[in-house]
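What follows is one structure encoded as structure tokens, with my remarks underneath.
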Amino acid sequence: MPWTLASEEENKLIKSILAKEPSRRSTLDLQLLANRIRRNVIEAVYLAASGHPGGPLGLADIYAVLYFKVLNFDVKNPLSDERDRHLLSNGHVCAVKYASMALAGFFPEEELATFRKLGSRLQGHPSTRYFPELENSSGSLGQGLSQATGLALGLRLRKKSNHVFVGLSDGECQEGMTWEAAMAAAHYQCDQLIAYVDWNNIQIDGYVNQVMDLGALDEKFRAFGWKVQVANGHDIEAIERAFLWARQEKGSPKVILFRTTLGKGVSFMENNPEWHGSPPKKEQRDKALAELYESFHQLWENYKGARHEISDGA
Amino acid sequence: MRVLQINFEKLGGEKKATRDGYGDALVELGAKYEKLVVLDADLSGSTKTNKFAKKFPERFFNFGVAEQNLVGQAAGLAMAGFTPFASSFAIFLTGRAWEIVRNTVVYPQLNVKLAATHAGITLGEDGASHQIIEDIALMRVIPGMKVVVPADYWQAYHAVEKVFLENGPVYLRLGRPAIPVVYPPQYEFCFGESELLKTGQDYLFVACGVMVYEALKAALLLEKQKNVSIAVLNMATIKPLDEEGLLEASQKAKAIFTFEEHSTYGGLGGAVSEFFAQKKPMPVYRFGLKDVFGQSGSADELMAYYRLKGEQLAEDIASLL
């Protein structure tokens, strides 16, 4: 039995979605994948008995769109010079990156069981020393935007047109270095740089606006010379549109501020700061997986319905 | 270890700054290596990267007064396949940006070179806020970080290319003032290899940076005053430490003396002590800043105030022999 406890039937369905050309994947396809990512996250953090479940659940829809629709990469040649680069700045949410990369075929999903364990390349915070395909090492907050900007400058100097994507958290926008980098990216008109922020208003000590209010984050980036969009981070089509916009806009760096809900998809975790950095216990993990299975089966029903409609139409 | 012949008669006749050796070398190397990019944080006139900037503007990036970002950007440029040299004053590059150096550069083993100028008390008049005497310790302690401290203009000049060619992160420590030239213009720097500039049997002096000249002077004075023979080793690469060179140069030595324009904790003296404590226990006397901050004054005055001049070293060491 696969470690995610998925049925053979489900695995067949997922496989068929993964076999499609990215451009042909539907919203429903991506929702199904996002759900699978969420369950992988819960299981990985549960087995690790440590780590951060909340952020990854909130990011699963964005990651599904990134890895299965937006990012250019070839899993058979993962370090190809032509690939888009996807960096993670707030490394503590790496469970969602690992879960997405496993699903995308960078490594077997079963390996997620080694997350945070001795000898694993799935370190508690991402490390290229153990896993070069991760693109960057992070964990200490506020450093990813500088790395991504330098990388974008370097690619431009080499006359490459690849895009550099980098995920940030709202909490780490409290780090001054984030703004040093924001200033530099605009100064050098790094239009190959696409940042996105997980704007869930939660950090370890509580709600961001209570710990240290970021105020109008969109206006702040705009004032630094960035092109800014605010989008719903759980609306697959809105996420896709935002990334498409970011790819097309020229002349300055772009940032998408995704309004997200920490713990999305698991009722008792949603918008609760306690789930920023605590793993679920056995019964909580069971409850979380049960909820997610239920959502999955609902999506699956819709999927079957949609396929009927398509075949009826054809 | 290599044995080099130094002309003691000419010693100290000419003075040039190690930061100029760095700046001049960058201009030469820029034409030779397309992968070389240079980054600065609003101090390009002082760090001497401005010469490179003028000649290769497309490969020079100024990040303003933001040293953490400077180091992070260097990491990104290394990810893109370049070999960046990031420069600022040593206090900012190793102090303010330390955690970024550790986590974003050295931990992922990115090919970033941190070339810091204005290290130590010879920075002079700006005072203790700018005179870092902890940087060698700060860099040396990071797993896998390499540390190079050239002794004069020519060693700095020749070290830059070897630092460029060395794979992985390297810290290059440079100074502000013109200091005595020790090396001839035609000289080959070998990464990780110490150089015996003066042979001797009874005692071993190990020095780096501007203190190589002062240690040589002290050794020559002491040999004149006392019936002793002193070897002087330039340990320009402090990490990895040339342990074989230390053993070889200290074969009959009764004690080791270390000299650095740095705290006596954690720098060259620390590295040499750690080595001898385990391999060949014997007294190691460390000369440098003895757990004190510097202050304003000219480089020369400060060297004298902290008793780091050759004559003073000879005086202070005489009673220990």
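Worth pointing out:
- Residues in region A:81-100 that are under 19 Å from A:GLU21 (Cα atoms) and in a loop (DSSP other than H, G, I, E, B): A:GLU82, A:ARG83, A:ASP84.
- For region A:291-306, a residue qualifies if it is of a type outside the set (Lys, Arg) and more than 17 Å from A:ILE37 (Cβ to Cβ), and the qualifying residues are A:GLU301, A:ASN302, A:GLY305, A:ALA306.
- Of all the residues in region B:61-92, those that are in contact with a Ser or Thr (Cβ under 8 Å, 6 or more places away or on another chain), of a type in the set (A, V, I, L, M, F, W, C) and within 11 Å of another protein chain (Cβ to nearest Cβ) number 3.
- Neighbours by Cβ (under 8 Å, 6+ apart or cross-chain): first from region A:178-189, closer than 10 Å to A:GLY225 by Cα and more than 7 Å from chain B (Cβ to nearest Cβ); second assigned to a helix (DSSP H, G or I) and not polar (S, T, N, Q): A:ALA182/A:LEU145; A:ALA182/A:PHE221; A:ALA185/A:LEU145; A:ALA185/A:ALA152
- Qualifying residue in region A:2-18 (condition: closer than 30 Å to A:LEU118 by Cα, at pLDDT below 95 and aliphatic (A, V, I, L, M)): yes
- Selection from region B:114-139 of residues that are farther than 19 Å from B:GLY45 by Cα and surrounded by fewer than 24 Cβ atoms within 10 Å (Cβ to Cβ): B:GLY127, B:ALA128, B:SER129, B:GLU134, B:ALA137, B:LEU138
- Qualifying residue in region B:15-23 (condition: within 13 Å of chain A (Cβ to nearest Cβ), crowded, with 17+ Cβ neighbours inside 10 Å, free of Cβ contacts under 8 Å to residues at least 60 places away in the same chain and in contact with a Lys or Arg (Cβ under 7 Å, 6 or more places away or on another chain)): no
- Long-range neighbours under 7 Å by Cβ, at least six apart or interchain, first residue within 21 Å of A:ALA242 (Cβ to Cβ) within region A:194-205, second assigned to a strand (DSSP E or B) and of a type in the set (D, E, K, R): A:ILE194/A:LYS254; A:TRP199/A:ARG259
- Scope region B:5-28; condition under 13 Å from B:ALA178 (Cα atoms) and of a type in the set (D, E, K, R); matching residues: B:GLU14, B:LYS15, B:LYS16, B:ARG19, B:ASP20
- Single match in A:ASN72, A:ASN11 (criterion: over 11 Å from the mean Cα position of the chain (by Cα), in contact (Cβ under 8 Å) with a residue 60 or more places away in the chain and away from chain B (no Cβ under 14 Å)): A:ASN72
- Residue satisfying condition, being touching a residue at least 12 places away in the same chain (Cβ under 8 Å) and surrounded by fewer than 24 Cβ atoms within 10 Å (Cβ to Cβ), within set A:LEU59, A:LEU5, A:LEU33: A:LEU5
- Looking across region B:93-111, the residues that are facing chain A (nearest Cβ under 10 Å) and touching a Leu at 6+ places or on another chain (Cβ under 8 Å) come down to B:ALA97, B:THR104, B:VAL105.
- Looking at B:LYS162, B:LYS113, B:LYS146, just one residue is among the basic types (Lys, Arg) and in contact with a Lys or Arg (Cβ under 8 Å, 6 or more places away or on another chain), and that residue is B:LYS146.
- Filtered residues of region A:102-114 (kept if within 16 Å of A:GLY124 (Cβ to Cβ) and in contact with a helix residue (DSSP H, G or I) (Cβ under 7 Å, 6 or more places away or on another chain)): A:GLU111, A:LEU112, A:ALA113
- Residues that are within 22 Å of A:LEU151 (Cβ to Cβ) and surrounded by 19 or more Cβ atoms within 10 Å (Cβ to Cβ), drawn from region A:189-226: A:CYS190, A:ASP191, A:GLN192, A:LEU193, A:ILE194, A:ALA195, A:TYR196, A:VAL197, A:ASP198, A:PHE221, A:PHE224, A:TRP226
- Check on A:SER100, within 22 Å of A:ALA148 (Cβ to Cβ), crowded, with 22+ Cβ neighbours inside 10 Å, within 14 Å of another protein chain (Cβ to nearest Cβ) and under 16 Å from the mean Cα position of the chain (by Cα): no
- Any hit, region A:190-207, residues being out of contact with any helix residue (DSSP H, G or I) (no Cβ under 8 Å at 6 or more places or on another chain) and of a type outside the set (D, E, K, R): no
- Residue in region B:249-266 that is part of a helix (DSSP H, G or I), touching a Lys or Arg at 6+ places or on another chain (Cβ under 9 Å) and of a type outside the set (Gly, Ala, Ser) present: no
- Residue in region A:272-281 that is on the phi < 0 side of the Ramachandran plot, at pLDDT 95 or above, buried (at least 16 other Cβ atoms within 10 Å of the Cβ) and of a type in the set (D, E, K, R) present: no
- When residues of region B:48-60 are limited to those that are touching a Phe, Trp or Tyr at 6+ places or on another chain (Cβ under 9 Å) and assigned to a helix (DSSP H, G or I), the one nearest to the other protein chains (Cβ to nearest Cβ): B:ARG59
- When each of A:ASN136, A:ASN162 is tested for being at the interface with chain B (Cβ under 8 Å from one of its Cβ atoms), farther than 19 Å from A:PRO53 by Cα and part of a loop (DSSP other than H, G, I, E, B), the lone residue that passes is A:ASN136.
The values are calculated or read from the model by the stated rules, or taken from the named source; none is laboratory data. Fair warning: this is a prediction, and the values are worked out from it, not measured in the lab. Methodologically, a virtual Cβ is constructed for each residue, glycine included, from the backbone with ideal geometry; neighbour enumeration extends over all protein chains shown.
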